[in-house]
1. Extending each Cα 7 Å along its Cβ direction at Ile280 and Phe382, get the distance between those two points in nm, one decimal.
2. Under a point-charge model restricted to the Cβ atoms of Lys and Arg (+1) and Asp and Glu (-1), what is the dipole moment magnitude of the stretch 209-248 relative to its Cα centre, in debye to the nearest 20?
3. Round to the nearest 10 and give me the degree value, 0 to 90, for the angle of helix 85-97's Cα axis relative to the longest principal axis of the chain.
4. How large, in percent, is the carbon and sulfur part of the accessible surface of the stretch 227-365 at a probe radius of 1.4 Å?
5. Could you pull the accessible area for His105 with a 1.4 Å probe, rounded to 10 Å²?
6. With everything on Cα atoms, drop me the angle between helix 368-377 and the longest principal axis of the chain, reported from 0 to 90° to the nearest 10.
7. Only Lys, Arg, Asp and Glu count, each charged at its Cβ (+1, +1, -1, -1), so figure out the dipole size of the stretch 320-459 about its Cα centre, rounded to 20 debye.
8. How much accessible surface area, in Å² rounded to 10, belongs to the heavy atoms of Thr310 with a 1.4 Å probe?
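The values are calculated or read from the model by the stated rules, or taken from the named source; none is laboratory data. Everything numeric in this text was worked out from a predicted model, so none of it was measured. A quick note on method: Cβ atoms are made from the backbone with ideal geometry, for glycine too, and the neighbour counts reach across all protein chains shown. Just so you know, the surface numbers come from the protein's heavy atoms only, side chains and all, with ligands and any DNA or RNA stripped out. Shrake-Rupley method; radii C 1.70, N 1.55, O 1.52, S 1.80 Å.
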Amino acid sequence: MSEKPWGGRFESPTNEFVEAFNASIDVDARMYAEDIAGSRAHAKMLTAQGILSQEDCNAILRGLDEITGEINSGEFEFTIALEDVHMNIEARLTEKIGDAGKRLHTARSRNDQVATDTRLYLRRRTADIVARIRHLQRVLVALADEHADTIMPGFTHLQTAQPVTLGHHLLAYVEMFDRDAGRFADASKRMNRCPLGSAALAGTTFAIDRVMTAKELGFDGPTSNSLDAVSDRDFIMELLAAASISAVHLSRFSEELILWMSAQFRFIDLPDAFCTGSSIMPQKKNPDMPELVRGKTGRIIGGLVAILTTVKSLPLAYNKDMQEDKTAIFDAFDNLEGSLRVFGDMLPGITVNKAVLHRAASSGFATATDLADALVRAGVPFRDAHEIVGKSVGHCIKADIELHEMDDAACSAIDARLSVDMVRALSVESCVAARDHVGGTAPAQVRIQVATWKKELKS
Ligand code: ARG
């Protein structure tokens, strides 16, 4: 019985299966550095407040240092009998230093401990994810620079709409990823408050200094309500929401890369190192990485649904249900970080088939809107212009030609206001160049945006 730090009031041992089922060590062992940092801060604060002797504090800090070494070198043995990372480390500390180790848990509970560790751990992981997002943005900006005037068809409803520049298309993702980074930074700022000192739920009878521990751990300050501090999992919800949105963005990008690499599009080719073949069809080169990243989106969103559903209707304060919070966010973060890494590494190796893109933009009547605009400039009301160009397109489909190939007779047969000069002037180059305003697709605008992003991202 004595093995369990909470075993005092129990008469019979834990059911063997329950011991394993109840344990979270497999999941939370990865927070060991944060757990130790929290214990160090707590011990120093207890000592500064005269609650712990300097001698005990020294033994605790030394013991925790040794434990860090043991874990880093792989010799530390985590056991499910000690349930979680908190009790595994505390038990080892006591094994090493005796009574001083047993004094560490004064004015503390695993409830404020786990809330603190998780915030610290996710703060670090969030910073890593933001760094990955920034790297991917830099890669995209460099590609956009290279393809500021590469013309491709822009789509709505996946039907040819108007010509755009590939640089402009890529910068759309730079914008999305920027908002993603902003959401992570925002959530990270909000979670940066220290729950330590909230103890089990109501605070503690000891004269603790919560400002000191908060500062020691790099938090902006202590949380203000102990009940909230031990039962709040909003920060996990927010981070999973941010991760889900970011994954959704990656999935849209993935879908485009997959389409663009197909034999029907042939817009791009992805580097061999990021694709795989088929065991039966020798011709195959499959875009596995974008497909897998698209698939990861499902489990990341699943994590968001899981945490929302787990916390829904939970009474205050801590409930064991909350132990399920970490599986969801850890899995989501691992997979999002991996996805961002793959994209950042894969995209510099992309091959862009400029000629195919140009040809695709030049067919499918992508210049039709510009012909209508030319008629409007000649004084034709827009709705009439729309009708005239619609008829022209109908004519071209039957004649199997493009708009700029219409002759004089065809133009005047459709409408006296339509001139052959107007159709001859149509080109995908002039279509994109004309959209030269803030947010437009013109190469000149892409270059302005690229310069702005380079400064912003310091690339
Ligand atoms: N392993 C637990 C968790 O992850 C730590 C907190 C447990 N607290 C408790 N009173 N059972 O939530």
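1. 5.4
2. With only Lys, Arg, Asp and Glu charged at Cβ, the dipole is about 60 debye.
3. 40
4. Carbon with sulfur: 56 percent of the solvent-accessible area.
5. Counting only protein heavy atoms, the figure is 60 Å².
6. Result, in degrees: 60.
7. 420
8. Result for Thr310: roughly 40 Å² accessible.
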